[in-house]
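The values are calculated or read from the model by the stated rules, or taken from the named source; none is laboratory data. In this text the structure is predicted, and so the values were computed from the model without any measurement. So basically every Cβ, Gly included, is an ideal-geometry build from the backbone, and we count neighbours across all protein chains shown.
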């Protein structure tokens, strides 16, 4: 198994193909997911991100009128799915590691398990707030920021564990990825504040970045040039999503705080049904990918939602 940065270096400037998938719902089986992504795996993505989903809460009202928080977890199975990807498809899994819902000890235990499996890459993220709450709150004894999480992972790579200092402890060797936001993280007050957060992640040890989805390539290119001008020279991989329903035209900007170009928005609005929208979304993403390849991006990373149809339509035109 190899690191994401090693794959990028070995590509000698060729743009790589990668995807992100989501574990099945709690109680679900892996077979359906494997069937859904198998067509994409035939294109041999160099790495596959596997999301991790923190606990959520249901607020239940007791007889006395007070509320109690009942914890649920919708999508377990990230580690198992990573192992399956390694052994069934011989590809690099990149599990997401979150601040939210984890103590530092929980994080260390998870990293030890991943190290046992021979996994070489992790994506370090703060993660979203736990639903139904509206702001992020770390677990007691957990990390507040992705930069702190990256520091812990880097410490393990250097042989520094939380408690033990035994000579028998082995160094891990994780390649650490982190998130970047060409259009600013929605919680940052300004773009400059968000950029300072990014610099801290890179300084802490992030070796490559994957961006939030965007539909305007100029946003990505301007962001990369700004990073270069400010001493950030790690690979910056564009994250792409193929718009496939009219509803997403309203939902995606609200959830991810991104802009949709007017030309694209008008094309989607003129569609008579979602079948037409999917084709418009595919065509737009193909054009995005061609432009980004010409710019020299290290990889094209697709947020697939564990479905292959639209991503496959784009990838076959690009790779």
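Yes/no per residue for (1) within 26 Å of residue 258 (Cα to Cα); (2) modelled with pLDDT of 95 or more:
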site	(1), (2)
97	yes, yes
147	yes, yes
152	no, yes
169	no, no
177	yes, yes
189	yes, no
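Is at least one residue of the stretch 267-275 modelled with pLDDT of 95 or more and either in contact with a strand residue (DSSP E or B) (Cβ under 8 Å, 6 or more places away or on another chain) or closer than 23 Å to residue 195 by Cβ (or both)?
no
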Looking at the stretch 195-204, can you tell me whether even one residue there is buried (at least 20 other Cβ atoms within 10 Å of the Cβ), without any contact (Cβ under 8 Å) to a residue 60 or more places away in the chain and under 24 Å from residue 285 (Cα atoms)?
no
Please determine, by comparing only the residues of the stretch 252-266 that are over 18 Å from the mean Cα position of the chain (by Cα), farther than 17 Å from residue 279 by Cβ and part of a helix (DSSP H, G or I), which one is modelled with the highest pLDDT.
262
Test set (1) in contact (Cβ under 8 Å) with a residue 24 or more places away in the chain; (2) surrounded by fewer than 17 Cβ atoms within 10 Å (Cβ to Cβ) - residue 254 fails condition number
(1)
Step by step: first the residues of the stretch 94-111, then only those that are in contact with a helix residue (DSSP H, G or I) (Cβ under 8 Å, 6 or more places away or on another chain) and either in contact (Cβ under 8 Å) with a residue 60 or more places away in the chain or in a helix (DSSP H, G or I) (or both), then the one that is farthest from residue 20 (Cα to Cα). Which residue is that?
104
Across the stretch 10-33, which residue is surrounded by the fewest Cβ atoms within 10 Å (Cβ to Cβ) among those that are touching a residue at least 12 places away in the same chain (Cβ under 8 Å) and over 19 Å from the mean Cα position of the chain (by Cα)?
13
Counting only residues that are farther than 18 Å from residue 252 by Cβ, in contact with a helix residue (DSSP H, G or I) (Cβ under 6 Å, 6 or more places away or on another chain) and part of a loop (DSSP other than H, G, I, E, B), the stretch 280-306 contains a total of 1
If I ask for residues that are within 19 Å of the chain's Cα centre (by Cα), part of a loop (DSSP other than H, G, I, E, B) and over 12 Å from residue 106 (Cα atoms), which ones from the stretch 137-161 would you list?
144, 145
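Is there a residue being in contact with a strand residue (DSSP E or B) (Cβ under 8 Å, 6 or more places away or on another chain), assigned to a loop (DSSP other than H, G, I, E, B) and in contact (Cβ under 8 Å) with a residue 12 or more places away in the chain anywhere in the stretch 172-180?
Yes, some residue in the stretch 172-180 is in contact with a strand residue (DSSP E or B) (Cβ under 8 Å, 6 or more places away or on another chain), assigned to a loop (DSSP other than H, G, I, E, B) and in contact (Cβ under 8 Å) with a residue 12 or more places away in the chain.
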Residues being modelled with pLDDT under 90 and within 12 Å of residue 53 (Cβ to Cβ) - total across the stretch 66-87:
6
Residue 142 touching a helix residue (DSSP H, G or I) at 6+ places or on another chain (Cβ under 7 Å), buried (at least 19 other Cβ atoms within 10 Å of the Cβ) and either more than 29 Å from residue 238 (Cβ to Cβ) or at pLDDT below 95 (or both)
yes
Identify all residues within the stretch 270-279 that are surrounded by fewer than 20 Cβ atoms within 10 Å (Cβ to Cβ), assigned to a helix (DSSP H, G or I) and touching a helix residue (DSSP H, G or I) at 6+ places or on another chain (Cβ under 7 Å); write none if there are none.
274, 278
Given the conditions (1) surrounded by 18 or more Cβ atoms within 10 Å (Cβ to Cβ); (2) free of Cβ contacts under 8 Å to residues at least 12 places away in the same chain, and given that residue 236 satisfies all but one, which numbered condition is not satisfied?
(2)
Per-region count, the stretch 307-319, residues under 18 Å from residue 252 (Cβ atoms) and crowded, with 18+ Cβ neighbours inside 10 Å:
3
